[in-house]
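**Student:** Questions regarding the structure given below will be posed in turn.
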Amino acid sequence: MKQIQTVAEWLSGADTAVAFTGAGISTESGIPDFRSPGGIWSKVQPVLFQDFMRFPEARYEYWRQKSVAHADFADAGPNIGHTSLAEWERQGQLRAVITQNIDGLHQEAGSRRVLELHGTARSILCLDCGRTFPVDALVAQFLETDTVPDCPECGGRLKHATISFGQALPGDVVEEALELAQDADLFLAIGSSLVVEPAASLPLIAKQSRAKLVIINRDPTPLDGIAEIVIRAPIGKTLEAMSALIRH
Ligand code: NAD
Ligand code: ZN
C-alpha cells in the first residue's frame, strides 16, 4: 500500500516523531477496547472517583470490575504493534510513546520512554499514604476474601494506580505529552477513537505546530479530515509492514 510506504519514509526521515496510542493497539493482545461493540462500556458502568472515595459499596464494585479486567491484563503479552514501536525507538526513528492505555504492554515490549496519561493497572496505590504495591497479590486477596483490601502499611484506601472518571490526569505527564506534541515533526495516532481529552487535542496541537499527522484506526475518528494520511486497517499488520520497509 502506497500510504504505508509513505509513512515508512516519513519515519525514516523524522527527528522528533511521536506515537500516541489507545486501546486499539492492545485488542490484538486480547484486551477489549472501550467503545467498540463488545467493548468494556457495553458491559459495565464505571465507578466515579467521588463515589469511590465516599462509599464502601462503590469501592467493592470498583474492585469487582478491576478484578475481572485483571484476568484480561494478566494473560496478555505485547503484540507486533507494541514491538514495532519499541523497535523504532531503539533505531532512533521514534522519540516517545504517549498512551492512554493502562496495560503496561508498551514497556513490556521494550519501549523506554512511555507516558501513561491514565496511569497503570500494574500497580495499586494507597490514596491515603501514597505507597504503591504490585497488583497481583492484592487482586488475589480480593478474590479469595471477597473483601476490598486495606493498605498493608496504613490501613488506608487502595485503588489501582489508574485515573478514574472524575479524577484529574497527572499534570507532569500531560505537560510532557504537550511538549512532545508541539515539538513533533511526525505524529502517529494509533488505535484511539480520539474522542476523550487530551486524546482529542494532542494530534491537533501537533498538527498546528508542525507535525505531519497520520491516523491508524479501524473506525473513523473526528480528526480524520485534518490528517495527511488515514489508514483504516488492523494495527499489527500495518506497523509490521512499515517496519519491514524501514529496515530495507
Ligand atoms: P477506544 O475504545 O475509544 O477506541 C479504540 C479504537 O481502536 C476504536 O476506534 C477501534 O476502531 C480501534 N481498534 C480496535 N482494535 C483495532 C485494531 N486491531 N486495529 C485497528 N484499529 C483498532 O479507545 P481509546 O481512544 O484508547 O479510549 C478508551 C479509554 O480506554 C482510554 O481512556 C484508556 O485508558 C482505556 N482503556 C485502556 C485499555 C488498555 O489499557 N488496553 C483497554 C480498554 C480501555
Ligand atoms: Zn497506605
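Values quoted throughout were computed directly from the atomic coordinates according to the rules given, and no laboratory measurement underlies them. Only a predicted model underlies this, so the values are computations on that prediction, with no experimental measurement involved. Ideal geometry is used to build each Cβ from the backbone, glycine not excepted, and the neighbour counts take in all protein chains shown.
**Student:** What value, in deg cm²/dmol to 500, does the helix sum -39500 (n - 2.57) over DSSP H runs of n ≥ 4 give at 222 nm once divided by the residues of the chain?
**Tutor:** About -12000 deg cm²/dmol.
**Student:** Report the FRET efficiency, 1/(1 + (r/R0)^6), for Thr147 and Asp75, where r is their Cβ-Cβ distance and R0 is 30 Å, rounded to 0.05.
**Tutor:** Details: r = 25 Å, r/R0 = 0.82.
The pair Thr147/Asp75 has a calculated efficiency of 0.75.
**Student:** Quick check on the chain: of the DSSP beta bridges with both residues there, what percent are antiparallel, nearest 5%?
**Tutor:** Details: 9 of 28 bridges.
About 30 percent, rounded to the nearest 5.
**Student:** OK, next. If each Cα of the chain is one equal point scatterer, what is log10 of I(q)/I(0) from the Debye formula at q = 0.16 Å⁻¹?
**Tutor:** -1.14
**Student:** Semi-axes of the stretch 140-201's equivalent ellipsoid from the Cα gyration tensor, sqrt of 5 times each eigenvalue, largest first, rounded to whole Å?
**Tutor:** 35, 15, 10
**Student:** For the chain, what's the relative contact order in percent, using C-alpha pairs closer than 8 Å and at least 6 residues apart?
**Tutor:** 25
**Student:** Of the beta bridges DSSP finds with both residues in the stretch 74-219, what % are antiparallel, to the nearest 5?
**Tutor:** 55
**Student:** Which lysines have a Cα lying under 20 Å from the Cα of Lys159, excluding residues fewer than 8 positions away in the same chain?
**Tutor:** Lys66
**Student:** Please compute the Cα-Cα pair-distance distribution of the stretch 133-172 with 10 Å bins starting at 0, giving whole percents from short to long.
**Tutor:** Each 10 Å bin holds this share of Cα pairs: 25, 45, 27, 3.
**Student:** For Lys159, Lys237, Lys2, what's the fewest-to-most ordering of other Cβ within 10 Å of each Cβ?
**Tutor:** Neighbour counts put them in this order, fewest first: Lys2, Lys237, Lys159.
**Student:** Net charge within 11 Å of Arg122 by Cβ-Cβ distance, Lys/Arg positive one each and Asp/Glu negative one each, not counting Arg122 itself?
**Tutor:** Details: positive: none; negative: Asp103, Glu108, Glu116, Asp136.
Overall, the nearby charge balance is -4.
**Student:** With a 10 Å Cβ neighbour count serving as the proxy for reagent exposure, in which order, fewest first, do Cys126, Cys154 appear?
**Tutor:** Exposure proxy ranking, most exposed first: Cys154, Cys126.
**Student:** Cα to Cα, under 19 Å, and not fewer than 8 places away if on the same chain: which lysines meet these conditions relative to Lys2?
**Tutor:** Lys212, Lys237
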